[in-house]
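The values are calculated or read from the model by the stated rules, or taken from the named source; none is laboratory data. What you see is a predicted model; the values in this text were computed from it and never measured. Cβ: placed from backbone, ideal geometry, glycine included. Neighbour counts: every protein chain shown. Side chains are part of the model used for accessible areas, which takes the heavy atoms of the whole protein and leaves out ligands, DNA and RNA. Shrake-Rupley method; radii C 1.70, N 1.55, O 1.52, S 1.80 Å.
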Amino acid sequence: MITVFKNNIEKLSRLDWECVNENTTYLTHNIHPYHSKYIPQIAGNLIELLSNEGDLVLDNFSGSGTTLIEAKLKNRNAIGVDINPLACLISKAKTTPIEEKKLKTETAKLINNIRLAIEGIRTQKSLNSFNKAETRNEKEQYRIAEFLYIHGWFQPQVIKELSIIKHYIGKIEDKDIKDFCLMIFSSIIREVSNAASEFGNLMISKRKSLVKNTFERFQHKVKDATKRLVEFSRTVSDSKIKVVHKDTRNLNFIGNEKIDLIVTHPPYIAAVPYAEYQKLSLRWLGFSDRELDNIIIGGKRQRDDVVERFNLDMQKVFDEMFRVLKKEKYCCVVIGNPVVKGKKIELNKVFVEMAQKSGFNFVKEIMRGKYHTTMGKMKEEFILIFQKQLE
Ligand SMILES: C[S@@+](CC[C@H](N)C(=O)[O-])C[C@H]1O[C@@H](n2cnc3c(N)ncnc32)[C@H](O)[C@@H]1O
């Protein structure tokens, strides 16, 4: 079997990794926006060629779950680890199959309850009075949300409608359906906020027009995401996917030499400030963006020691990946080279040194050049393949 993988390493070099004309948003892949996702074909090809059906795959920076979805589609078991609670919610919801009838019945009930509540408050009052501070009654009934700067980020009626939606999601008993609906709720938050754009830097737009259709956007998203999850649930194998909300610098919940393949995509130092970009969703879901920024790798990006901290953290990560991987098996790390304080850092080279220090053999580097990310940008990216030797 190991010889087969050796031959497949050569095959990997011959694949078209640019994937310019390929669909990167099939099934549940694009239900929720997530910064710096990789395209599913990267994880899919590596899993296909470097592991067997029934194997256990690890993605220890699992983000929005791209690797986990591909593992499930290819009948591999998988563990995803991420320190970001929003990432864990998204990847769990995107990889958990739900029985079609149950899902459709529950979401129809949810939409109906929300519609009745929202139509009630929309018709009772003119839009003007509706926009004024909510009555005590509504505040108590729906627990109108309150968090730092909420009134700057959201218009009054949006706050009310989002609070009502969240209130009824909270009443769903089935945990998987509840998480699925919370994930959809989170996916519309930025588009109904006063943010100037739906992605990237988060800034308030003073010219944002009145958002009148928060509920309708949620309803539309529920319909689309349900269709995608139903199709995903019909397509996938019954392999097991586990999402763990933990710090990947310490994988002590995984024993030595338990993993058959690692496919992962660490942060590009501090290129993406996850806590800042995702703070509206995090706050609506009751998570602290400040706390996340303090613990995430690449967090506290304004400080001078951001690169040194990143290097120390990543060495721990390589040591842990080496420990949990079975002998003779492969570890694939996808990375780009960020610019920090005006200087390009060649993480592809830094990572090879780190991996070797942890004990890995460096097998191959594949470069993707003029490719499109899921956001349509063009940049360089490297797939580094390492192997844990017999001894
Ligand atoms: C480049 S993204 C991975 C994106 C993923 N490949 C996808 O397609 O969605 C890197 C991820 O590392 C996570 N991360 C950063 N520090 C971490 C840590 N100490 N432990 C676990 N995950 C961490 C971030 O939350 C982020 O989701």
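Annotations for the structure displayed:
- Residue of L251, L261, L58 that the Gaussian network model of the chain assigns the largest fluctuation, springs spanning Cα pairs under 10 Å: L251
- GluC sites (Glu not before Pro) lying in DSSP loop within the range 194-251, provided at most 11 other Cβ fall within 10 Å: E198
- FRET efficiency, K327 to D238 (Cβ-Cβ, R0 22 Å, nearest 0.05): 0.20
- Dipole magnitude for the range 104-234: about 320 debye, using +1 per Lys or Arg Cβ and -1 per Asp or Glu Cβ, origin at the Cα centre.
- The HN-Hα couplings worked out from phi for the range 355-368 by the Karplus form 6.51 cos²θ - 1.76 cosθ + 1.60 (θ = phi - 60°) are 4, 5, 4, 6, x, 6, 8, 7, 9, 6, 10, 10, 9, 9 Hz, whole numbers, x standing for Gly and Pro.
- Close amide H pairs (under 5 Å, H built 1.01 Å from N) link V363 with I385, F386, Q387, residues at least 5 positions away or on another chain.
- With every protein chain in place, the chain: carbon and sulfur % of accessible area (1.4 Å): 49 percent
- Loop-located GluC sites (Glu not before Pro) in the range 278-373 (DSSP state not H, G, I, E or B) with no more than 16 neighbouring Cβ atoms inside 10 Å: E346.
- Cα gyration tensor category, rounded, prolate or oblate, for the range 278-335 with a/c compared to 1.5: oblate
- For the range 211-305, the set of chymotrypsin sites (Phe, Trp or Tyr not before Pro) satisfying both a DSSP loop assignment and a count of at most 16 other C-beta atoms within 10 Å is given as F253.
- Spatial separation of Cα centroids for the range 196-271 and the range 30-52, in angstrom: 12 Å
- Close amide H pairs (under 5 Å, H built 1.01 Å from N) link V243 with G80, residues at least 5 positions away or on another chain.
- Computed from label points 7 Å out along Cα-Cβ, the spacing between N8 and I295 is 3.4 nm.
- Overall form of the chain per C-alpha gyration tensor (a/c, 1.5; a/b vs b/c): prolate
- Estimated vicinal HN-Hα couplings, Hz - the range 48-64 in sequence order (Karplus 6.51, -1.76, 1.60; Gly, Pro = x): 4, 8, 10, 8, 10, 4, x, 5, 10, 9, 10, 10, 8, 9, 7, x, 8
- Cubic angstrom per residue, convex hull over Cα atoms of the range 3-76: 96 Å³
- Net lengthening on full extension, T25/E257 (0.36 nm per residue, minus Cα-Cα): 80.2 nm
- Close amide-amide hydrogen proximity is noted between R76 and G54, each under 5 Å apart and 5 or more residues distant or on a separate chain (H modeled in the peptide plane; Pro and chain starts excluded).
- For the chain: accessible area per residue (Å², 1.4 Å): 46 Å²
- The overall shape of the range 104-234, judged from the alpha-carbon gyration tensor, is oblate: a/c is not under 1.5, and a/b is no greater than b/c.
- Residue-wise HN-Hα coupling along the range 91-96, computed from phi with Karplus coefficients 6.51, -1.76, 1.60 (Hz; x: Gly, Pro): 5, 5, 5, 6, 10, 9
- Residues listed by number, the range 159-200, amide nitrogen under 17 Å from T105 label point at 7 Å toward C-beta: 172-178
- Estimated FRET transfer efficiency when R0 is 22 angstrom, pair K171-L148 (beta carbons, to 0.05): 0.25
- In the chain, helices alone account for a calculated mean residue ellipticity at 222 nm of -14500 deg cm²/dmol, with every DSSP H run of four or more residues adding -39,500 (n - 2.57).
- Calculated FRET value between R115 and N250, using beta carbons and R₀ = 35 Å, to 0.05: 0.15
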